[in-house]
């Protein structure tokens, strides 16, 4: 690990090659796990204001769950997370041709909303963790994740560079790029 702009960064983030291989994993990161994807407080309002447009992309069970209980809840760690359906799928998970996709991102791609999806989803498989007064970026290894880690795949931080720029700024990503070249 190394420290960059008050953020602890796992060295794997600048050394491991990664590219999501949906044909292999089928989008299982949206439907397996112990809890829903983390969301930041300001993302709750953004999702709330876009909810009507997103609902048309979701399965009936998800719409029912959202209308009954909401699309987010407090996490056991004190933060916020996306609600899960009774089957463990994210309430925004949508199946198309045997692959699980994000209903939020589908609405974004169709230009129905301006919000792509929660930052934690954009960053995956990088996770933000708290280490005392520091935030840390770690590579979350998960056996269901089938990545393309060939020489043609980008370095992990490059794969999620848009999300890293959104969270930490362009200079942060440029510094990662320089460090990775050493």
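For the chain, the longest principal axis of the Cα atoms and the long axis of helix 41-55 meet at an angle of about 50 degrees. Sorted from greatest to least, the principal axis extents spanned by the alpha carbons of the chain come out as 51, 36, 31 Å. With N counted as the residues of the range 22-113, its alpha-carbon radius of gyration over 2.2 N^0.38 Å works out to 1.03. On the basis of the beta-carbon distance and an R0 of 22 Å, residue 133 and residue 76 show a calculated FRET efficiency of 0.55.
Measuring nothing but how far apart in sequence close Cα pairs (under 8 Å, 6+ apart) lie, relative to its length, the range 38-180 scores a relative contact order of 18 percent. Computed over the range 95-151, relative contact order equals 18 percent, with contacts defined as Cα pairs under 8 Å that lie 6+ residues apart.
With the convex hull constructed from alpha-carbon coordinates only, the range 79-122 shows a mean projected area of 3.8 nm² over all directions.
Which whole-number percent gives the relative contact order of the range 22-113, counting Cα pairs below 8 Å spaced six or more residues apart?
Values: 111 pairs, mean separation 35.7, N = 92.
Relative contact order here is 39 percent.
By the count of neighbouring beta-carbon atoms within 10 Å, fewest first, 72, 77, 108, 142 end up ordered 77, 142, 108, 72.
I want to verify the translational diffusion coefficient of the range 16-64 in µm²/s; compute it with Stokes-Einstein, Rh as the Kirkwood radius over Cα pairs, at 4 °C and 1.567 mPa s.
Numbers: Rh = 13.6 Å.
So the translational diffusion coefficient is about 95 µm²/s.
For the range 1-74 and the range 116-133, write down the distance between their C-alpha centroids in whole Å. Centre-to-centre distance over Cα atoms comes out at 9 Å. Seen against the Cα atoms of the chain and their longest principal axis, helix 170-180 is set at about 50 degrees. Each DSSP beta bridge with both residues in the chain is either parallel or antiparallel, and the antiparallel ones are about 90%.
Distances between every pair of Cα atoms in the range 128-179, grouped in 10 Å steps from 0 to the bin holding the largest one, split as 20, 47, 30, 3 percent.
How big, on average over all directions, is the shadow cast by the Cα convex hull of the range 74-155, in nm²?
Numbers: hull surface 32.6 nm².
Taking the Cα atoms of the range 74-155, their convex hull projects to 8.1 nm² on average.
With neighbour counts taken as other beta-carbon atoms within 10 Å, the residues 128, 133 rank, fewest first, as 133, 128. Output the 0 to 90 degree angle, nearest 10, between the alpha-carbon long axis of helix 60-69 and the longest principal axis computed from the alpha carbons of the chain. Result, in degrees: 90.
Read-outs: derived from the displayed coordinates by stated rules, not from any lab. Since this is a predicted model, take the numbers as computed values, not measurements. Neighbour counts are summed over all protein chains in view; Cβ atoms, including those assigned to glycine, are modelled from backbone coordinates with ideal geometry.
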